[in-house]
Every structure is written in C-alpha cells, then in structure tokens.
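S.K.: Please find one structure pasted underneath; my questions will follow.
FYI, it's all coordinate maths here, none of it is from the lab. Note that the coordinates shown come from a computational prediction; the quantities given were computed from them, not determined experimentally. Counting neighbours? That spans all protein chains shown, and the Cβs are built from the backbone with ideal geometry, glycine included.
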Amino acid sequence: MATAESVLKPDHQAKRKHFIFTDEHEQLRESIRAFVTKELAPHAEEWEETTFPDSVFHRMGELDLLGLDKPEEYGGQGGDYFTSLVLGEEMTGANSGGLAMGVAVHTDMAMPPILAFGTEEQKERYLTPGLRGELIAALAITEPDAGSDVASLRTRAREVDGGWLVNGSKTYITGGVRADVLVCAVATKPESGHQGISFLLIDRGEGVHSSALRKLGWHASDTAEIGLHDVFVPEENLLGALHGGFYLIMANFQWERLAMALGAVGAMQIAWERTAQFARDRQAFGRPLSGHQAIRHKLADMATSVHTCRCVTHDALRRFVAGEDPLREVTMAKLLTQRASFELMDQCLQIHGGAGYMRGDGGPSAWVERAARDARLGPIGGGSDEIMREILGRVLDL
Ligand SMILES: Cc1cc2nc3c(=O)[nH]c(=O)nc-3n(C[C@H](O)[C@H](O)[C@H](O)COP(=O)(O)OP(=O)(O)OC[C@H]3O[C@@H](n4cnc5c(N)ncnc54)[C@H](O)[C@@H]3O)c2cc1C
C-alpha cells in the first residue's frame, strides 16, 4: 500500500512501490518512460496544433508497445493486464491527454473486441497489423442522436446479397479521421433496441466520409464526424453475433473504464508533483508559495485526492484481474477519478496563477492549461458521471 510519505514524494516514483506491479513491470515501466520522455513529450505542444502523426503508432508497434497484453500468436507480447496499465500510466508522462487517449482508443477500446469476438480471419486482417501499428482502428458507437442511450442508434445496416449496406452517421469518434477501420455499432434490427445492435468492421473506402471536429481539449487527437453512405460491408466483416452488439459494448466497458481511471491517476500524480515543485520554487510575499498555509493545505488535499483515487482504482483493478465482476468498484473508480482529476487540474492551474493560463510558451508551465482542458472530458466520455450514478443506483438497489 502506498504510504502518505510515498504519495508526497516529490519525484513521481510513488507508484513504483505499489504492490500490484512486479520487478518485470517496473523494468517495462523504465523502458516506456524513456521512450515517452525522449520521443513523445518533446512534441506535446507541436501536436496540440497538428494532432499527433500516424508515425506514433508505427513507432510504438516497432517497440512492441501496442499489444503488451495481447497473445503472442497475433503479434502481441503475451503479458498480463498490468503491462497495459503500466503503458497507460506512463503515457500520461507526455502531458497530452489527446495523445494518451488517441493511442488508448486503438489499443484498449478498438482492438479488444476484435480479439475477444473476431474470427481467426478477422484477427489476421485487423488485429495483427493493428498491434504492429500498421493499421489504425477506431471505435464508432456514438451518433448525433444517440450517446448515452445506445439503444437508440440509427445507423442502419440493411442485409443485402453477401453482406450489409450501411447508412447513417457517427460523431465524436476518436481517431475517426485517420482510422483505417471502424469497429462500428449499427442497427441490424432497429425495432429491437438493445437486442438489435450488431458490430461491423468497416474499412475506409467508398461511402465513408470523415471530417475533423474542433474541441475544448485533447487537441492532439483527431475527433471525427463520420458519414456512412451506402457502404457495402461483406458478411465476413460481422464482428461477434448478429444482433449481439450490446453484449460486446458491455464486455468492453469495464476494461475501458478501468483504463480511464488508471490514466487519470497517473496524470494526477504527475500534475501534483509538478505543482508542488512550482509552489516550492515560486516566491510571493517573501516566501515560497508552499510557505503560505492556504496553498500548503490545498496541496495536502490534492495529495489526499490522488491517494484516494489510486486506492479505489487499484482495488477495482485487483478484483477485475481476480476474475470477479466488479461492476460496482469499476463504476465508482470511473466516477471518482474523472471528476477528481478535473478538479485537481483546476487547482494546479490556480496555483500556477497567470502562468497556468498561458498557452504554448514552451516553458515549464505549458502543460497546465492543456491538462486542465484535457481533463474536462473524463466526466463525459466512456459513460458520463450521470450514467455512472445510474449504474450505481441499480447495483446498490436504489
Ligand atoms: C472528445 C471526445 C471523444 C469521444 N470519443 C468517442 C469514441 O471514440 N467513440 C465513441 O463511440 N464515442 C466517443 N465519444 C462520445 C462519448 O462517449 C459521448 O459523448 C458520451 O457517451 C455522452 O453522450 P452524448 O454526448 O450524446 O450525451 P447525451 O447522452 O446526450 O447526454 C447529455 C447529458 O445528459 C446526461 N444524461 C444522459 N442520460 C441521462 C440520464 N438517464 N439521467 C441523467 N442524465 C443523463 C449525460 O450524462 C450528459 O451530461 C467521445 C466524446 C468526446 C467529447
């Protein structure tokens, strides 16, 4: 268990001491950290303007980082869940929510359903090149009129000779501008709500049109509006059971939400450390900021929040890995961490004063305004705060 002392240690090492990670995980952490520090972090600001290039996927594939927990027979590394979590934590070191999530959507949201539900032929065509970074996948569920309420999806897949003809639109799709394939939810039996959703693997091609959306944060990632006009999808591209798509969505959610919670904890830890250091260095009224009780207390509360979020998330993770069905704990971890991360980033910005409000000056505080904007998505994406509370309401029998 991390102690109060380790949480407060000013050098971003506390998580190393946590009981869930072995020496092998820590070695992996070292190598990922070196890669992130050398090859990703220096570009964080530039990619905020341009979105990160596809070469990040190629490079991560080359370094065997895209399939850490995927089976070796498909080109993965055959590691356990924690290897992928180490990656998630360390990616936060690049200080770019858009980059971290842009990669995580491919590795943790689009690839897992192909592994879990795909045929051998689909795994060969999509999973193996995806783990090599030669193919980029996006998960396309949300539509202009169906977000939280997945049962009202309107993108229609009509059965035709040899496959389906798809018409409709998707929105807010991360990686949707660059993706080679969409892991796409469609209505195959619209009158049946949840029971009428299926997943199709839709290759970029005729009838698929993407355009980039502008947004508050996550500027390094592309987020797309996608139009699907008479797109023919061959029958071999049905992913999982016909009309069984809702099950696929649910199967993936626990892992997605855990990954989001872990990502938030990693980002909070780094933000706290940097802000604490800033408060030690910055002078006001003849002493460091941290010499003022109001700031010191604020930092103490923030450290408590990081620690609480880590404990709750790691508890959910342990249960998940042990094979329990920790719906309650994962939901609580997602709800707690995303809101806490947003609040902590806001406090970091406040402690940085004017420097925290400045953009792209390349200085040591340039990460703050980006982190504050990026963290706003957490309570919305991957199931909003309200939906988490609805789930808890059911689980808690309210
Ligand atoms: C940057 C970004 C990236 C995204 N990436 C992807 C992606 O890669 N793939 C993808 O499929 N989707 C993606 N999304 C979509 C995201 O999952 C949805 O925005 C989210 O599920 C909420 O849906 P919505 O925006 O339609 O809001 P709505 O469902 O319309 O909800 C609007 C508000 O009402 C609340 N609300 C809804 N229902 C209830 C209820 N029953 N009780 C109380 N309150 C309720 C919501 O919590 C929310 O606050 C992304 C979104 C963003 C902003």
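S.K.: Go through the stretch 268-282 residue by residue and turn each phi into a ³J(HN,Hα) via Karplus (6.51, -1.76, 1.60, θ = phi - 60°); whole Hz please, and just put x for glycine and proline.
M.R.: Values, residue by residue: 5, 4, 5, 4, 4, 4, 5, 6, 4, 5, 4, 5, 6, 8, 7 Hz.
S.K.: Sorting R370, R132 on the 10 Å Cβ count, fewest up front, what's the list?
M.R.: Least to most surrounded, the residues fall as R132, R370.
S.K.: Right, something else. For the stretch 325-372, what percent of Cα pairs sit more than 16 Å apart?
M.R.: Within the stretch 325-372, distances greater than 16 Å cover 48 percent of Cα pairs.
S.K.: Also: Treating only the Cβ atoms of Lys and Arg (+1) and Asp and Glu (-1) as charged, compute the dipole magnitude of the stretch 195-274 about its Cα centre; round to the nearest 20 debye.
M.R.: Dipole size: approximately 500 debye.
S.K.: Using a Förster radius of 25 Å, what is the FRET efficiency between T308 and A241 based on their Cβ-Cβ separation? Nearest 0.05, please.
M.R.: Efficiency at R0 = 25 Å is approximately 0.05.
S.K.: Can you give the log10 of the normalised intensity I(q)/I(0) at q = 0.10, 0.12, 0.19 Å⁻¹, computed with Debye over equal Cα scatterers of the stretch 104-212?
M.R.: So the normalised log intensities are -0.27, -0.39, -1.01.
S.K.: Between helix 327-352 and the chain, what is the angle of the helix's C-alpha long axis to the longest principal axis, kept within 0 to 90° and rounded to the nearest 10?
M.R.: Here the helix axis deviates by roughly 50 degrees.
S.K.: Still on this structure, I have one more. Could you compute the FRET efficiency for D161 and E206, with r as their C-beta to C-beta distance and R0 at 22 Å, rounded to 0.05?
M.R.: Taking R0 as 22 Å, the efficiency between D161 and E206 is 0.80.
S.K.: What does a probe at R280 reach in the stretch 286-318, counting residues whose amide N is under 20 Å from the point 7 Å along Cα→Cβ?
M.R.: Those under the cut-off are 286-307.
S.K.: For E191 and S55, calculate 0.36 nm times their separation in residues minus their Cα-Cα distance, and state this gained length in nm to one decimal.
M.R.: Additional length available on full extension: 44.7 nm.
S.K.: Dipole size in debye (nearest 20) for the stretch 80-203 around its Cα centre, Lys and Arg Cβ +1, Asp and Glu Cβ -1?
M.R.: It works out to roughly 300 debye.
S.K.: Return the ratio Rg/(2.2 N^0.38 Å) for the chain, where Rg is computed over Cα atoms only.
M.R.: Output field value: 0.99.
S.K.: Please give the net charge around L165, taking every other residue with its beta carbon less than 14 angstrom from that of L165, where Lys and Arg add +1 and Asp and Glu add -1. Each step should come with its number before you reach the end.
M.R.: Working: positive: R156, R158; negative: E159, D161, E206, D230, E235.
Residues close to L165 contribute a combined charge of -3.
S.K.: How much net charge surrounds W255 when only other residues with a Cβ under 12 Å from its Cβ are counted (Lys, Arg +1; Asp, Glu -1)?
M.R.: Charge balance near W255 sits at -1.
S.K.: Moving to a separate point now. Taking the Cα centre as origin and putting +1 on Lys and Arg beta-carbons and -1 on Asp and Glu beta-carbons, what dipole magnitude results for the chain, to the nearest 20 debye?
M.R.: 1580 debye
S.K.: If you don't mind, another one. Want the number for E72 to R359: 0.36 nm per residue separation, take away the alpha-carbon distance, what's left?
M.R.: 99.0 nm
S.K.: State the Kirkwood hydrodynamic radius of the stretch 182-330 in Å, one decimal place, computed from all pairs of distinct Cα atoms.
M.R.: 19.7 Å
S.K.: Sticking with the crude label model, points 7 Å out along Cα→Cβ, report the distance from Q293 to Q350 in nm, one decimal please.
M.R.: 1.7 nm
S.K.: Residue farthest toward the positive end of the dipole of the stretch 251-396, with Cβ of Lys/Arg at +1 and Asp/Glu at -1: which of Q338, A271, V321?
M.R.: The residue sitting most towards the positive pole is A271.
S.K.: A follow-up question, please. Quickly estimate the mean residue ellipticity at 222 nm for the chain, helices only: each DSSP H run with n ≥ 4 gives -39500 (n - 2.57), and the total goes over all residues, rounded to 500. Intermediate values should be presented prior to the final figure.
M.R.: On the way: 14 runs with 180 residues, N = 398.
Result for the chain, helices only: -14500 deg cm²/dmol.
S.K.: Taking the DSSP beta bridges in the chain as the whole, what percent of them are antiparallel, to the nearest 5? Walk me through the intermediate numbers first.
M.R.: Numbers: 31 of 37 bridges.
So the antiparallel bridges in the chain amount to around 85 percent.
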